Amino acid sequence: MTLDRVPVGHSARIVAVDWSRLVEEEAQRLQALGVDVGSTVEVAHRGVFGGSDPIALGIGRMTVALRKVHAAAIEVEAA
Amino acid sequence: MLPRSKWKRPEVGEPASPVTTVALVGNPNAGKSALFNALTGARQKIANYPGVTVERKAGRMLLPGGEAVTLLDLPGAYSLFAASPDEEVTSKAIFGEFEGDEAPQVLVVVVDAANLEQHLVFAQEVIALGRPTVMALNMLDLAERDGLVIDPHALSEALGVPVVPTIAVRRKGLVELGAAIAEVAGHEEHHRPATSLAERRVTAQAIAQGAIISETARHRLHSRLDRLFLHPWLGPLILFAALFVVFQAVFSGAEPFVAVLEDLVARLIGLVRDLLPAGLVRDLLTDGVLAGVGAVIVFLPQIVILFFFILAMEASGYMARAAFLMDRLMSRVGLSGRSFIPLLSSFACAVPGIMATRSISDPKDRLTTILIAPLMTCSARLPVYTMIIAAFIPNRNVGLGMGLQGLVLLGLYAFGIVGAMLAALLLRRTVTKGVASGFIMELPKYQLPRASDLLLGLAQRVLIFLRRAGTIILTVTVVLWLLLNFPRAGEGQDQVDASIAGYTANGLAVVLKPIGFNRDIALALIPAMAAREVAVSSLATTYAVSAASEDAQAQALGTQLKSHWSLATALAFLAWFVFAPQCMSTIAVTRRETNGWKWPALMLGYLFGLAYLAAGLTYWTAVWLGLG
């Protein structure tokens with residue numbers, strides 16, 4: 001399952017990331033923010049103006065926003 | 001940098017401090033700026049780093065021994081390996097790569113106590129440099145609010161650097177931090193082995209877990225607030241309500257202050273008239289200097305109120321939520337939620353707005369935002385809009401507590417926004433074509449903004465505005481007054497027609513005539529290239545000079561306009577200013593941000609084209625409707 005399919009309020013563990021689908025700076029930023037293989041994230045909120053995009057993730061004590069296209073490159077398993 | 005002459009040098013006999021420069025380093029949202037303000041007070045100087053337009057904030061800080069050091073507040077970064085212009089500045093400043101700047105002898109790593117496992121990742125990278133380093137365990141109060149108890153000693157032992165708990169907003173731990181800086185200052189550098197990001201992350205987690213004594217699973221205030229502010233339908237409702245309150249406050253809240261300022265300017269003019277003998281000097285002072293600068297200064301209250309809200313939204317953490325909510329809409333025109341913050345700031349002034357675009361990592365995205373930022377109705381347009389609206393639009397109630405004047409003003413704002421969105425759409429498909437931009441950002445914790453931080457930020461912006469009024473606008477109005485008054489008119493000839501300025505404007509008026517602009521407008525538009533609000537002072541000066549009698553001179557500018565302009569012309573003038581890029585500072589900052597003349601030239605071209613078209617369409621429609 002990819003991260004963009006995780007419903008709001010659910011947690012998931014990142015098992016793989018297809019970095020090739022992301023722009024280099026974006027990949028670097030995501031890693032710096034802790035969105036990387038092994039981390040557990042919680043889908044906290046989703047955008048409102050159609051398409052439920054972007055997505056707000058809870059990572060540890062931090063909240064990080066990213067878009068559905070980024071989440072689609074992230075493979076997760078239920079945590 | 002502060003001039004060295006202002007430094008308090010150590011007294012003879014005191015041990016000379018080897019440390020002269022200290023830098024605050026840390027993740028974004030670690031509370032660095034609040035700590036910087038608390039440590040330096042108002043003794044700070046904001047400038048730009050050479051070559052880039054990232055703000056360089058330097059201040060003077062006193063160590064407990066009385067030695068003064070320069071404290072640098074470096075931009076927030078996630079890594080020394082730069083992924084954005086901000087991060088590049090941070091790593092260059094740390095290594096002393098900016099000309100004229102020395103590398104800081106002591107680094108203060110600022111971490112958010114409530115976000116240790118994340119902030120320790122970058123902190124390790126900084127500590128590994130081996131420079132004398134102190135850690136400020138900041139925002140301890142917010143961590144406690146989250147139910148966290150942290151042991152600074154355990155943290156210090158694990159990291160091998162002194163750790164000082166600080167609460168910048170309550171000025172706690174500042175003396176201790178100073179003492180720690182002085183203590184490590186003499187330490188020798190000892191590099192530590194470089195580690196990979198993955199290694200640092202594992203270590204950060206382990207260290208954070210070891211330092212956290214207890215953690216109560218408490219419902220965190222911040223996630224509860226997010227549930228409200230990011231709620232599917234309450235969230236947008238709150239955002240639009242907030243924006244409505246801001247603009248309402250800007251326009252009605254400022255009124256009493258504007259009235260006081262207007263009165264003050266009028267009294268000053270009266271005073272000068274009474275004190276000085278009639279003549280050119282007196283006219284220069286009253287019609288040139290006071291009428292010109294006065295017409296602009298009266299907008300200070302609105303600017304202060306607008307900036308107050310923008311600063312408060314930024315400091316509270318709400319601005320990032322607004323970006324989150326707006327991302328989807330912005331993506332429709334090829335932008336991201338990140339553009340929302342620069343664009344919102346552009347409602348105050350496009351210059352800080354354009355400078356704020358450097359937080360956008362995608363270059364095409366950033367360029368598009370820069371190009372459309374001048375379409376946001378900045379505070380400099382307010383003088384123009386308010387003047388025309390007050391003179392030509394009847395003060396009628398159109399129901400729902402809304403006046404017709406307010407409605408027209410709102411329409412002008414909307415016009416600018418729609419224009420900006422269309423322009424973005426077009427630009428993204430042509431000159432700034434590229435892959436769809438992304439949106440990745442941290443949503444910081446909510447915080448009650450500290451009054452003194454807000455006041456400091458406000459004071460800095462007011463100063464910039466006043467300096468502008470005092471220099472550019474003053475110079476321009478005085479020059480215009482001179483051009484308007486020389487050569488002197490002969491018997492029975494109009495002074496404006498006889499003057500150099502009038503002569504030039506007559507030429508320009510030929511081009512502007514089709515869109516309903518008269519000679520006086522052409523005359524006002526030339527100096528208004530420097531700044532939009534100059535149009536008001538220029539019109540004031542023009543009509544003051546051409547007024548035949550003292551009585552006519554004393555007439556309010558609005559009355560003068562009404563007798564010289566048709567409604568169609570007035571409306572076309574408003575439409576012109578929605579688009580026209582009449583601001584030297586915006587052009588200059590665009591050139592600086594884009595490193596060349598190509599983009600500012602494009603900006604000038606497309607915006608003047610749109611302005612001409614918009615004014616023309618407005619004029620022709622109005623005439624067709626019989627308003628000519």
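The values are calculated or read from the model by the stated rules, or taken from the named source; none is laboratory data. The structure displayed is predicted, hence computed values, not measured ones. Because the Cβ atoms are built from the backbone with ideal geometry, glycine has one as well, and the counts that use them run over all protein chains shown. Surface accessibility is based on the protein's heavy atoms, side chains included, excluding ligands, DNA and RNA. Shrake-Rupley method; radii C 1.70, N 1.55, O 1.52, S 1.80 Å.
Listed values for region B:588-604 are Karplus-derived 3J(HN,Hα) couplings in whole Hz (6.51 cos²θ - 1.76 cosθ + 1.60, θ = phi - 60°), namely 5, 6, 5, 4, 5, 6, 9, 6, x, 8, 4, 6, x, 5, 4, 4, 4, and x replaces Gly and Pro.
Secondary structure note: in the protein assembly as shown, about 70% of the DSSP beta bridges are antiparallel.
Taking packing as the residue-averaged number of other Cβ atoms within 10 angstrom, the listed peptides B:364-371, A:15-22, B:499-506, B:102-109 run from highest to lowest as B:364-371, B:102-109, B:499-506, A:15-22. With both labels modelled 7 Å from their Cα along Cα-to-Cβ, the B:Q248 to B:T471 distance reads 3.9 nm.
Once backbone amide H atoms are built at 1.01 Å from N, B:G26 has B:A77, B:V110 as its partners under 5 Å, excluding neighbours fewer than 5 places away on the same chain. The share of accessible area on chain A that comes from carbon and sulfur is 49 percent, using a 1.4 angstrom probe.
I'd like the carbon and sulfur percentage of the solvent accessible area for chain B, probe radius 1.4 Å, heavy atoms only, ligands and nucleic acids excluded. Roughly 65 percent, rounded to a whole number.
Over all other residues within a Cβ to Cβ distance under 10 Å of A:G47, the charged ones net out to +2, with Lys and Arg as +1 and Asp and Glu as -1. Ignoring ligands, DNA and RNA, how much accessible area is buried between chains B and A, both sides summed, with a 1.4 Å probe, to the nearest 100 Å²? Buried surface at the B/A interface: approximately 3200 Å². Shielding of peptide A:30-38 by partners, expressed as the average count of other chain Cβ atoms within 10 Å per residue Cβ, is 5. With 0.36 nm allotted per residue and the present C-alpha distance subtracted, the B:A128-B:K513 stretch has 131.8 nm of extension available. The H on the amide N of B:K172, modeled in the peptide plane, is under 5 Å from the matching H of B:I167, each at least 5 residues off or on a different chain. Taking amide H positions as modeled 1.01 Å from N, with prolines and chain starts lacking one, the residues under 5 Å from A:R46 and 5 or more places away or on another chain are A:A56. Surface exposure of the protein assembly as shown, expressed per residue as accessible area with a 1.4 Å probe, stands at 42 Å². Relative contact order of region B:248-312, taken over Cα pairs closer than 8 Å and 6 or more residues apart, is 52 percent. Peptide A:39-48 has a mean of 5 when you count, residue by residue, the C-beta atoms of other protein chains within 10 Å of its C-beta.
Per-residue ellipticity at 222 nm computed for chain B from its helices equals -17000 deg cm²/dmol, with DSSP H segments shorter than 4 residues left out and the rest contributing -39,500 (n - 2.57). Listed values for region B:450-460 are Karplus-derived 3J(HN,Hα) couplings in whole Hz (6.51 cos²θ - 1.76 cosθ + 1.60, θ = phi - 60°), namely 7, 4, 5, 5, 4, 4, 4, x, 4, 4, 5, and x replaces Gly and Pro.
For region B:330-393, chymotrypsin sites (Phe, Trp or Tyr not before Pro) are listed when DSSP marks them as loop and at most 12 other Cβ atoms sit within 10 Å of their Cβ; the list is empty. Pairs from the table (B:K92/B:K433; B:K57/B:K172; A:K68/B:K92) lying more than 29 angstrom apart at Cα are B:K92/B:K433; A:K68/B:K92.
Could you check the simple spin-label distance between B:T203 and A:A72, using points 7 Å along Cα→Cβ, in nm with one decimal? Label-label distance for B:T203 and A:A72, simple model: 3.8 nm. Coordinate range of the alpha-carbon atoms in region B:549-628 per principal axis, descending: 50, 36, 13 Å.
One-quarter of the Cα convex hull surface for the protein assembly as shown, in nm²? Answer in nm², one decimal: 34.6.
Counted over all Cα-Cα pairs of chain B, pairs farther apart than 42 Å make up 33 percent.
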